1. Which residues, taken from region 172-187, are assigned to a helix (DSSP H, G or I) and among the hydrophobic types (A, V, I, L, M, F, W, C)?
2. Can you name every residue in region 50-60 that is of a type in the set (A, V, I, L, M) and more than 12 Å from Asn24 (Cα to Cα)?
3. Open to solvent by 70 Å² or more (accessible area, probe 1.4 Å), at pLDDT 85 or above and more than 18 Å from the chain's Cα centre (by Cα), is that true of Ser66?
4. Does region 94-112 contain any residue that is open to solvent by 30 Å² or more (accessible area, probe 1.4 Å) and among the β-branched types (Val, Ile, Thr)?
5. I need every pair where a residue in region 136-161 that is at negative phi and free of Cβ contacts under 8 Å to residues at least 12 places away in the same chain has its Cβ under 7 Å from the Cβ of a residue that is assigned to a helix (DSSP H, G or I) and surrounded by 13 or more Cβ atoms within 10 Å (Cβ to Cβ), sequence separation at least 6 or different chains.
6. Just for region 35-45: of the residues that are in a helix (DSSP H, G or I) and modelled with pLDDT of 90 or more, which one is farthest from Phe120 (Cα to Cα)?
7. Identify, from the list Ala173, Ala155, Ala197, the residue that is open to solvent by 80 Å² or more (accessible area, probe 1.4 Å), among the aliphatic types (A, V, I, L, M) and out of contact with any strand residue (DSSP E or B) (no Cβ under 9 Å at 6 or more places or on another chain).
Amino acid sequence: MVELSGQPQDILKPAGLSRIQEKNRSLILEAALGEFSKKGFSGATVEKIAADAGMSKSNLLYYFSSKEAIYNATLAHILEVWLAPLKTLKPDGEPAQELAAYIRQKIEISARFPEASRLFANEVIQGAPQILPILQTDLKRLVVEKCKVIESWIAAGKMRRVDPVHLIFTIWATTQHYADFSVQIMALTGRDLSDPAFQAETELAVTSLILNGAGLDWPPEEDRTE
């Protein structure tokens, strides 16, 4: 896990952890994700998180001082994982390839971590009481930076003029929908992203719709970023 700059200390990973301490911290965050995604912040308990992580409550509190600290760290890690693909958009890249790769990674994250997506969505729906400072700082800076990348592609005549921030919002909304509303998708189609064929169909449909809207063609197979 990479440290998030400029955030409250509860969210950051302490420096100098041993391999065992790193493992225990990861176990706590994994258990916390399951507990918070099922019961929310108010319903989750430190005792249950500790039990699911296979350790005592006192041992858990060695790593995190409170339930709020665990929750903050869990949300920060989720955000970190989600933002990693956005950071890869390169100004000197071809827009179709860059955006297609970004969409693919976002769909893969939704497939692998649906509970994380739902937990984050619930936090934001409630007004982001725990992570608003992150949204207003790290996330905002990154979005501004990548909007400039998209604007540079538009200025170079590489893609249709679209509002960069709304393009990013559209990618977030469409890709994370398959995690946040997986029950509805399963009810309507009988499948979800756990089915590799459905995941491939989803990637093709979402990528084609977004790229076509930006005046871009789906990249040839040999040019697609793996």
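1. Applying the first criterion (assigned to a helix (DSSP H, G or I)) to region 172-187 yields 172-180, 182-187.
Of everything in region 172-187, those that are assigned to a helix (DSSP H, G or I) and among the hydrophobic types (A, V, I, L, M, F, W, C) turn out to be Trp172, Ala173, Ala179, Val183, Ile185, Met186, Ala187.
2. Ala51
3. Values: open to solvent by 70 Å² or more (accessible area, probe 1.4 Å): no; at pLDDT 85 or above: yes; more than 18 Å from the chain's Cα centre (by Cα): yes.
No.
4. No, region 94-112 has no match at all.
5. Hits for this filter: Arg161/Ile154.
6. Quick first cut of region 35-45, residues in a helix (DSSP H, G or I) only: 35-43.
Remaining after also requiring modelled with pLDDT of 90 or more: 35-36, 43.
On the way: Glu35: 13, Phe36: 10, Gly43: 16 Å.
If we take residues in region 35-45 being in a helix (DSSP H, G or I) and modelled with pLDDT of 90 or more, then Gly43 is farthest from Phe120 (Cα to Cα).
7. Working: Ala173 fails: open to solvent by 80 Å² or more (accessible area, probe 1.4 Å); Ala197 fails: open to solvent by 80 Å² or more (accessible area, probe 1.4 Å).
Just a single option satisfies the conditions, and that option is Ala155.
Residue-wise test of (1) at pLDDT below 90; (2) among the β-branched types (Val, Ile, Thr); (3) outside any helix (DSSP H, G or I).
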{"site": "Lys48", "(1), (2), (3)": "no, no, no"}
{"site": "Asn59", "(1), (2), (3)": "no, no, no"}
{"site": "His77", "(1), (2), (3)": "yes, no, no"}
{"site": "Pro91", "(1), (2), (3)": "no, no, yes"}
{"site": "Tyr102", "(1), (2), (3)": "no, no, no"}
{"site": "Gln105", "(1), (2), (3)": "no, no, no"}
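The values are calculated or read from the model by the stated rules, or taken from the named source; none is laboratory data. None of the values given here were measured: they were computed from a predicted structure. Positions of Cβ are backbone-derived with ideal geometry, glycine not excepted, and every protein chain shown enters the neighbour counts. The protein model used for the area step is the full one, side chains on, heavy atoms only, and it has no ligands, DNA or RNA in it. Shrake-Rupley method; radii C 1.70, N 1.55, O 1.52, S 1.80 Å.
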